[in-house]
Every structure is written in structure tokens, then in C-alpha cells.
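Engineer: Could you have a look at this structure, given as C-alpha cells, before my questions?
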Amino acid sequence: MDTSELLAAAQRLARPCALLKRSGPADRLAGVWGGPPIVAGPSGPFRHWLSVDCRFIPEGIGLWSGVLSVFSNQDDCESGVVAINSAAKLPPGAAVPLFAYTAQSLPPPDAMPFEEYDRYLPLWQSNCPLYTNEAVAVLGGWHFPWPDGDWEELREKPLLLWTIEESEPWVEVWKEARGFSVIQRIT
């Protein structure tokens, strides 16, 4: 396979995502990084990471309105919670606003159905926000193949978001049959 064929194969498996960046047009205001949460979370040892306008979450995940706020559990350093308010809106003048940029998430090499790992890896890395330093967080898309060994288990679950900035830990939010799960990644 040449490079164009590798890229075409990857694009067939690409998933929609939104890169959340620190600057952008006002109509793309999609979230708030850190600071006070927009939707209150539980009391206790929880850190608020970000709050997101659900309208910017890619289709197929099942959230269409309101705001969700993501919290990590500072005691167990493994989990967290998601708080949602379907009537909430992002306030104007947020301390650290995030703006959505529509993109396509190429699958990591582990998801590709061919043996071209060494040739595909640089193509994937040039698209993966963890390597491009373009985004604070990502809504949707493919998940990163962490060394934890759960990549295959999570492959078919919808990834709601993952944080990139201020990591470790990286925080992932997964859509479950009923609700959400939060995973903190520390390498």
C-alpha cells in the first residue's frame, strides 16, 4: 500500500470529533476549561476539568442539549463523575473558553486491518491531538491506545471526550448503556 491508500483506508474508519481549542469564533463556544463547574458535581474530593455544551458532541452519542461537567476523583485517581443539566447554558465571559473545530479522528494503528504499522504510525500521529498539540480536549473520535490493556474492550464504546492539556492524568468520558464512566489515565 502506498501512502494515499493507507490514508484512504484510515479515512473509511475515521470517526467525527471536535477539537476544543482556546480561541475561535463566538458561535463555536463549546466549553469552559477548569474554574467553577457550570453543572455542580458531587461534594468531596472531585476536581472539575471542563464543562461542555452538549450541542457540540458528535452525533451518535445521544446528547443534544444542555451542559455536562466532568470531574475526576482525586482520592482514587482512577475514576470520576459527569454531571448534566439539560437546561444549562454556557455563560458568556467564561474564564478559559474553549471553541469547537470539527475534525475527523483517524483510527489508531491497533484498529487498522492491515500489517502496515510502521508506515501508518506517522500518518496517525500527524492527526492525533495528543501529538499535534492543537487541542485542550477532544469531543468524540477514537480513543488513544494506552498501555493499560483495555483498548479492545473500549473499541466499540462511544468516547464522549478526553482531555489533553494539564495531563497527567488524561481524563476520558465514555457513554455507557445507562450514564457515563470516567477513566483517569496515568502512564
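Engineer: Quick query: amide H of residue 50 versus all other amide H atoms, modeled in the peptide plane; which residues come in under 5 Å with a sequence gap of 5 or more or a different chain?
Structural biologist: 34, 70
Engineer: Same structure, new question: Highest GNM mean-square fluctuation, the chain, Cα pairs closer than 10 Å: which of 86, 43, 126?
Structural biologist: The residue with the greatest mean-square fluctuation here is 43.
Engineer: Under unit Cβ charges (Lys, Arg +1; Asp, Glu -1), what dipole magnitude, rounded to 20 debye, does segment 13-149 have relative to its Cα centre?
Structural biologist: Rounded to the nearest 20 debye, it is 640 debye.
Engineer: Can you list the HN-Hα couplings for segment 91-105, worked out from phi with the Karplus curve (6.51, -1.76, 1.60; θ = phi - 60°), rounded to whole Hz and with x for Gly and Pro?
Structural biologist: x, x, x, 4, 4, 10, x, 10, 10, 8, 10, 5, 8, 10, 9
Engineer: Does anyone have the angle between helix 117-127 and the longest principal axis of the chain? Alpha-carbon axes, 0 to 90°, nearest 10?
Structural biologist: The angle comes out near 30 degrees.
Engineer: Next question, about the same structure. With N set to the number of residues, divide the alpha-carbon radius of gyration of segment 60-187 by 2.2 N^0.38 Å and report two decimals.
Structural biologist: Working: Rg = 15.5 Å, N = 128, 2.2 N^0.38 = 13.9 Å.
Ratio of Rg to 2.2 N^0.38 Å for segment 60-187: 1.11.
Engineer: Sort 20, 159, 29, 130 so that the residue with the fewest other Cβ atoms within 10 Å of its own Cβ comes first and the one with the most comes last. Each step should come with its number before you reach the end.
Structural biologist: Details: 20 30, 159 23, 29 18, 130 14.
Ordered by Cβ neighbours within 10 Å, fewest first: 130, 29, 159, 20.
Engineer: Over the chain, what is the relative contact order in whole percent, taking alpha-carbon pairs under 8 Å and six or more residues apart?
Structural biologist: So the answer I get is 25 percent.
Engineer: Let me ask you something else. With runs of 4+ DSSP H residues as the only contributors, calculate the mean residue ellipticity of the chain at 222 nm using -39,500 (n - 2.57) per run, divided by the residue total and rounded to the nearest 500. Please report the intermediate quantities before stating the final value.
Structural biologist: Values: 4 runs with 30 residues, N = 187.
Taken over the chain, the calculation gives -4000 deg cm²/dmol.
Engineer: Another question about this same structure. If a/c stays under 1.5 just call it rounded; otherwise compare a/b with b/c (prolate if a/b is bigger, oblate if not). Do that for segment 1-66, with a ≥ b ≥ c from the square roots of the Cα gyration tensor eigenvalues. Don't jump to the answer; show the numbers that get you there.
Structural biologist: Values: a/c = 2.46, a/b = 2.25, b/c = 1.10.
Prolate is the answer for segment 1-66, as a/c is 1.5 or above and a/b outweighs b/c.
Engineer: In sequence order, what are the phi-derived ³J(HN,Hα) couplings for segment 153-165 according to the Karplus relation 6.51 cos²θ - 1.76 cosθ + 1.60 with θ = phi - 60°, rounded to whole Hz, with x for glycine and proline?
Structural biologist: So the Karplus estimates, Gly and Pro as x, are 4, 8, 3, 9, 7, x, 7, 7, 7, 8, 8, 10, 6 Hz.
Engineer: Take residue 131, project a point 7 Å from its Cα along the Cβ direction, then tell me which residues of segment 84-112 have their backbone nitrogen under 15 Å from it.
Structural biologist: Residues 105-112 fall inside that zone.
Bear in mind these aren't lab numbers, they're just calculated from the coordinates by the rules spelled out. Everything numeric in this text was worked out from a predicted model, so none of it was measured. Please note: Cβ atoms are built from the backbone with ideal geometry, for glycine as well, and neighbour counts cover all protein chains shown.
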